[in-house]
There are 2 protein chains.
Amino acid sequence: VVKAWAISGVDLHLELAGHRVRAGLEAALREAMQTGRLAPGTRLPSSRALAADLGIARNTVAEAYAQLGAEGWLTARQGSGTRVASTAAVSLPGPAAGIRPPLGVRAARHDLRPGSPDLSAFPRAGWLSAARKALSGAPSRALGYSDPRGRPELRTVLAAYLGRTRGVRVAPDRIVVCAGFTQGLALLCQVLPDVGVTRIAVEDYGQPRTAEALAASGLAPVMLGVDDGGAVLDKAHGAQAMLLTPAHQFPLGSVLSPRRRADAARWAAGSGGLIIEDDYDGEFRYDRQPVGALQALAPEHVIYAGTVSKTLAPGLRLGWLVLPARLTEAVASAKARSDAHTSSFEQLTLTEFITSGAYDRHVRRVRLAYRRRRDRLVAALAAHAPGVRVTGIAAGLHAVAELGPGQREEQVIAGAAARGVAIEGLGGYALRAHTRGPALVIGYATPPEHGYTTALARLVAAIRDQ
Amino acid sequence: VVKAWAISGVDLHLELAGHRVRAGLEAALREAMQTGRLAPGTRLPSSRALAADLGIARNTVAEAYAQLGAEGWLTARQGSGTRVASTAAVSLPGPAAGIRPPLGVRAARHDLRPGSPDLSAFPRAGWLSAARKALSGAPSRALGYSDPRGRPELRTVLAAYLGRTRGVRVAPDRIVVCAGFTQGLALLCQVLPDVGVTRIAVEDYGQPRTAEALAASGLAPVMLGVDDGGAVLDKAHGAQAMLLTPAHQFPLGSVLSPRRRADAARWAAGSGGLIIEDDYDGEFRYDRQPVGALQALAPEHVIYAGTVSKTLAPGLRLGWLVLPARLTEAVASAKARSDAHTSSFEQLTLTEFITSGAYDRHVRRVRLAYRRRRDRLVAALAAHAPGVRVTGIAAGLHAVAELGPGQREEQVIAGAAARGVAIEGLGGYALRAHTRGPALVIGYATPPEHGYTTALARLVAAIRDQ
């Protein structure tokens, strides 16, 4: 017999085992108190009321209450009825201490750190409309387990999109949809050692998380310098792989020069090496001619990685790897082991969002908005902090502001923090020694549109007043 | 100068580099052909039309066409204009061969394999409505990078839900939202070796993928027998961890007995061992009293794993781990490295779906439908295949049908396949030798409602006719 029993407005499903009703009631109450479903201090129904509810003898309930009172679970006081004792709670230990605050979680009033687009510009109505259309039109089987590489619909649409906008040479079969660049990199970290990669060349200014992920998987880093032509490749010869940001070096903002692109492709073809092309903000070009993906020069040697984290929102956790033939199966298998596949619901929605043209329209719209913000940043610094030189601004969502003589990153960062502005120094991205002059890495896309003017004014004040 | 140029209705963004217009046009066309953006056979505009479009001299275009003709890229024929040569395509190598057909991807006309709910019962309208409400109400920052454990809103709602429905003792801080049980297990495989687990006890009838994942991470399996009281635990003493399906043993369907539950909790407390409780279909109970989660007996030793893959759809890739305090941080870190976090959009939608009561209503509705299917299965087999004994039917979405004397799994499976019915034998789940009698594992929840009658009739015929 299972009885549903409402106490304090909460339905409690108590098991009353077979014919031993009293023992069953005791056990059920004990369990509810142990698990905290009956909190300390909770008043129990009178034995008469509960007996009526459960359809058992009042005396049985009274005996059970008495037994639990004897065990210390319940207290009975004249006029106050029977209550769960304050000592009855087997309290759950508190939360585990020391969960690292996740990188990228935002708290400051004015956030000018790089890495996030303006989340208030996310096209909610358009996305929901795409979700409705996608889910309404999907066959039932699309809601089940799917290809680890991702939905075929999305891979087909992505292949066309990447070819059209980034010059990527790709067939849908070579794409693995993944949960952002983070997962793409994690999958590659599993696969690269199996194809003989032990050393990987990385740009010596870069994302520390990325370098940590590579190191954690046992890949030894080989540091490449970075200059105005992007990564300097001559140190790569001892490595079997390279991780580059060719379209817009992160964080310095330079573009990999045509000569070095050719060199990189030649290096890969000659040595059988692999290049991971992190095209994290390839959609955002302002002044210059489009710079196509390096991948097109050597599709059998370049792993092209893209994401919607900068164009739409990081919270979607959607990205993709375009793979050389020899790696596709291994990466798909790693993906299958890792999480079977990425949510089909999100994938189908993105498919519809791209197919309908909404994605292109959104990218064009925010590109224009970000270019305006960049221009305002440059103008504000030129007007109020003329000692500062701004670089890396032809593309992307961030700029590098080289500080003037006598200024130090820490001081400016602290001054900005005192004004409610979160900002990062270039030093945080130096994977070896910070050999360049002091500079800030300014993510101008992050604040909501209405907050940008204030954020900019306070940033400029913080720089000027140091 | 960047020119947008429409050929065959496709916008092609061609780069015409600087003053060397002819060379630039040649390079742009070459690149478009190399990447397949200009397919073989495509007719190019006349030199006059293109020159007008691009605002360059007609002769420049004619010279570029002639040059590319000389190089073999283009063919010019009287009356047919200039076309991309059939040899011009630098064809992308075909898809990588050998991508494993993902487990669970469905193809048969009548699918009675276990592991998937009726996808046609997915509450599309309710889910979309929850998505709309969730996304409309979410603050912008919820669309950015988030806590690796998952959205706090969802963890709070899950803690209450799991306490209420499964008796799980949990605080929101101890939950890590993940992409289904597959990812939950993958994260544990990363973490368990670091806390001293080298050997893990598993039920000797179980999911082969699970056993493979454990083995691939270097954990040595210790096999536990299974009987009518669930897993037989006495062999577990050499292991530091156990993976159990206490509520409904997969695939045999027995329930871990109260005595063994107590034994398991005592084993863990005494040895410091860990128990992974795979509660894959805990929501689906039919005849018996609810069996609460084992986790409540030893929350500091049991990792409770749940999912919406059986209640809603596997394609959502949503699940959760409820963790002992000592593991929470390590699992959250593994999750952060693996994919930062699970899609906030899906998480917020599930939060709304549970909070509104839609999830409970859906589970009740499909539970009723699946119980009816189970009853029909039992009745059909009793009527037409009386030699078959059906077990493991008090819960879940599958039953075990022990075949009659002289019947073999392979024969019945082949007979079913010939009738368009996909079915699995118990032997496929034997992780050691298949020591039990021949049996089928029948996933009666999988077919759409309108297809169940036929699926059942054909299954019965296949069994009867062997």
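The values are calculated or read from the model by the stated rules, or taken from the named source; none is laboratory data. Keep in mind it's a predicted model, so treat the numbers as computed, not measured. Note: ideal-geometry Cβ built from the backbone for every residue, glycine included; neighbour counts use all protein chains shown. Areas reflect the complete protein model, heavy atoms only, side chains present, ligands, DNA and RNA absent. Shrake-Rupley method; radii C 1.70, N 1.55, O 1.52, S 1.80 Å.
None of B:Thr87, B:Thr165 is part of a helix (DSSP H, G or I), modelled with pLDDT under 95, more than 30 Å from A:His110 (Cα to Cα) and open to solvent by 30 Å² or more (accessible area, probe 1.4 Å) except B:Thr165. Checking each residue in region A:268-298 for being in contact with a strand residue (DSSP E or B) (Cβ under 8 Å, 6 or more places away or on another chain) and among the hydrophobic types (A, V, I, L, M, F, W, C) picks out A:Ala268, A:Leu274, A:Ile275, A:Ile276, A:Phe284, A:Val291, A:Ala293, A:Leu294, A:Ala298. Filtering region B:292-310 down to residues that are at pLDDT below 95 and open to solvent by 20 Å² or more (accessible area, probe 1.4 Å), which residue is nearest to the other protein chains (Cβ to nearest Cβ)? Selected residue: B:Gly292. Within region B:168-184, the residues that satisfy the criterion of being open to solvent by less than 10 Å² (accessible area, probe 1.4 Å), within 26 Å of A:Ala28 (Cα to Cα) and either out of contact with any Pro (no Cβ under 9 Å at 6 or more places or on another chain) or in a helix (DSSP H, G or I) (or both) are B:Arg174, B:Ile175.
Here the condition is being open to solvent by 10 Å² or more (accessible area, probe 1.4 Å), more than 9 Å from chain A (Cβ to nearest Cβ), of a type outside the set (Ser, Thr, Tyr) and in contact (Cβ under 8 Å) with a residue 40 or more places away in the chain; of B:Ala134, B:Ala160, it holds for B:Ala134 alone.
Within region A:114-129, residues that are more than 7 Å from chain B (Cβ to nearest Cβ) sit with their Cβ atoms under 8 Å from residues that are acidic (Asp, Glu) and open to solvent by 30 Å² or more (accessible area, probe 1.4 Å), at 6+ positions apart or across chains, in these pairs: A:Pro114/A:Glu424; A:Asp118/A:Glu449; A:Ala121/A:Glu449. Return yes when A:Leu377 is buried (at least 18 other Cβ atoms within 10 Å of the Cβ), within 14 Å of chain B (Cβ to nearest Cβ) and over 30 Å from A:Gly144 (Cβ atoms) and no when it is not. Taking the combined requirement at face value, the residue does not satisfy it. Restricting attention to region A:163-181 and to residues that are hydrophobic (A, V, I, L, M, F, W, C), within 8 Å of chain B (Cβ to nearest Cβ) and under 19 Å from A:Pro314 (Cα atoms), the residue that is farthest from the chain's Cα centre (by Cα) turns out to be A:Cys178. Being in a helix (DSSP H, G or I) and within 20 Å of the chain's Cα centre (by Cα): is that true of B:Leu348 here? Judged against the criteria, B:Leu348 is a match. Taken together, the residues in region B:393-419 that are surrounded by fewer than 20 Cβ atoms within 10 Å (Cβ to Cβ) and under 14 Å from B:Arg113 (Cβ atoms) amount to 1.
Only one of the numbered conditions (1) within 7 Å of chain A (Cβ to nearest Cβ); (2) within 30 Å of B:Gly253 (Cα to Cα); (3) part of a helix (DSSP H, G or I) is not met by B:Arg141, and that is (2).
On inspection, B:Pro258 does not qualify as crowded, with 22+ Cβ neighbours inside 10 Å and of a type outside the set (S, T, N, Q). Checking each residue in region A:30-65 for being part of a helix (DSSP H, G or I) and within 46 Å of the chain's Cα centre (by Cα) picks out A:Arg30, A:Glu31, A:Ala32, A:Met33, A:Gln34. Hey, does region B:185-207 have a residue that's at the interface with chain A (Cβ under 10 Å from one of its Cβ atoms) and open to solvent by 30 Å² or more (accessible area, probe 1.4 Å)? Looking for residues that are at the interface with chain A (Cβ under 10 Å from one of its Cβ atoms) and open to solvent by 30 Å² or more (accessible area, probe 1.4 Å), one finds none in region B:185-207, hence no. For the residues B:Leu327, B:Leu318, the requirement of being open to solvent by less than 20 Å² (accessible area, probe 1.4 Å), within 14 Å of chain A (Cβ to nearest Cβ), of a type in the set (A, V, I, L, M, F, W, C) and within 30 Å of B:Gly428 (Cβ to Cβ) singles out B:Leu318.
Taking the listed residues A:Gly420, A:Gly387, the one that is in contact with a Leu (Cβ under 8 Å, 6 or more places away or on another chain), more than 20 Å from A:Tyr205 (Cα to Cα) and away from every other protein chain (no Cβ under 14 Å) is A:Gly387, with no other qualifying. Applying the set (1) closer than 30 Å to B:Ser217 by Cα; (2) part of a strand (DSSP E or B) to A:Met223 leaves exactly one unmet item: (1). Scanning region B:144-157 for residues that are among the polar types (S, T, N, Q) and facing chain A (nearest Cβ under 8 Å) yields a single hit, B:Ser146. Of the residues screened, A:His341 is not one that is touching a helix residue (DSSP H, G or I) at 6+ places or on another chain (Cβ under 8 Å) and more than 10 Å from chain B (Cβ to nearest Cβ). Tell me, which residue of region A:420-435 that is touching a residue at least 60 places away in the same chain (Cβ under 8 Å) and open to solvent by 30 Å² or more (accessible area, probe 1.4 Å) is farthest from A:Arg367 (Cα to Cα)? Across region A:420-435, the extreme among qualifying residues is A:Arg432.
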